[in-house]
Amino acid sequence: MAVFQSWDKALTVIEKVLDTVAAAVMFATMCIVVVDVFLRYFFNAPLSWSYELISLYLMVALFFFCLAPGLSAHAHVAVDLLQNKMSPRLRHFCDGVGYTLSTIVFCGIVYMAFNRSWVSWVNNDAISGSIAWPTWIAHVTVTIGSIAMVLRLLFRAVGHLTSALVGRSVIALPPLAGSGEVE
């Protein structure tokens, strides 16, 4: 169906942007760590801010910005013990139910992260240390990554449930482990 193809293309663009940002974050993290180690061991002058920056912002962005692209690439852990014995229609139905439940959970994460972002912004919350790092930035990162995940989960839920309903695949089933389908 054209609607699903358009939806998938739009999500893919969003996920590529998030993936690119995550790669840049990983590169920045590596550079900061290398400089910090160099300064620590050769000049006894480590970067006082590196731990907070990496743990508060960069690792959070790296994790949450890779969630949706990872799901899109079927890179998340999946338990498919019974799926080898299921018909494609039943697999679509079961995947649709699973993705629907996952969407509900991630909607809760988005709601909580957004609320926490807002409260942190309004209260001007910061982590005390050598630099007063604002915490709302980390919460916004969680919100953005989780919204992308909700959109991909919703796409999969609707696509699989539609496939189960009409009796043909409108979106592809995930590859099965041990079947030669795995990318």
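Read-outs throughout are calculated quantities, based only on the coordinates presented, and are distinct from any laboratory measurement. The structure displayed is predicted, hence computed values, not measured ones. Reconstructed Cβ throughout: ideal geometry from the backbone, glycine too, with neighbour counts over all protein chains shown.
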Failed criterion for C107 (all others in (1) closer than 17 Å to F155 by Cα; (2) touching a Lys or Arg at 6+ places or on another chain (Cβ under 6 Å) hold): (2)
Looking at segment 134-144, can you tell me whether even one residue there is under 22 Å from A75 (Cα atoms) and in contact with a Pro (Cβ under 8 Å, 6 or more places away or on another chain)? no
Some residue of segment 1-15 being more than 30 Å from P134 (Cβ to Cβ), assigned to a helix (DSSP H, G or I) and among the β-branched types (V, I, T): yes
Checking the conditions here, which among S128, S169 is in contact (Cβ under 8 Å) with a residue 24 or more places away in the chain and small (G, A, S)? S169
Filter segment 61-87 for residues that are more than 30 Å from T29 (Cα to Cα) and in contact with a helix residue (DSSP H, G or I) (Cβ under 8 Å, 6 or more places away or on another chain); which is surrounded by the most Cβ atoms within 10 Å (Cβ to Cβ)? Q83
Across segment 111-156, which residue is surrounded by the fewest Cβ atoms within 10 Å (Cβ to Cβ) among those that are more than 19 Å from the chain's Cα centre (by Cα) and either part of a loop (DSSP other than H, G, I, E, B) or of a type in the set (D, E, K, R) (or both)? S128
Please count how many residues of segment 61-83 are touching a Ser or Thr at 6+ places or on another chain (Cβ under 7 Å) and more than 30 Å from A113 (Cα to Cα). 0
Would you mind telling me which numbered condition in (1) more than 30 Å from L154 (Cβ to Cβ); (2) out of contact with any helix residue (DSSP H, G or I) (no Cβ under 7 Å at 6 or more places or on another chain); (3) not in a helix (DSSP H, G or I) L47 fails? (2)
Those residues that are without any contact (Cβ under 8 Å) to a residue 12 or more places away in the chain and charged (D, E, K, R), I need them from segment 108-125; list them, please. D125
Give K16, K9 a once-over and let me know the one that is closer than 20 Å to A157 by Cα, basic (K, R) and either touching a residue at least 40 places away in the same chain (Cβ under 8 Å) or loosely packed, with under 14 Cβ neighbours inside 10 Å (or both). K9
Looking at segment 19-60, which of its residues are under 22 Å from I144 (Cβ atoms) and loosely packed, with under 15 Cβ neighbours inside 10 Å? T20, A23, A24, F27, S55
Quick check on segment 64-78. Is at least one of its residues under 26 Å from A23 (Cβ atoms), outside any helix (DSSP H, G or I) and in contact with a Gly (Cβ under 9 Å, 6 or more places away or on another chain)? yes
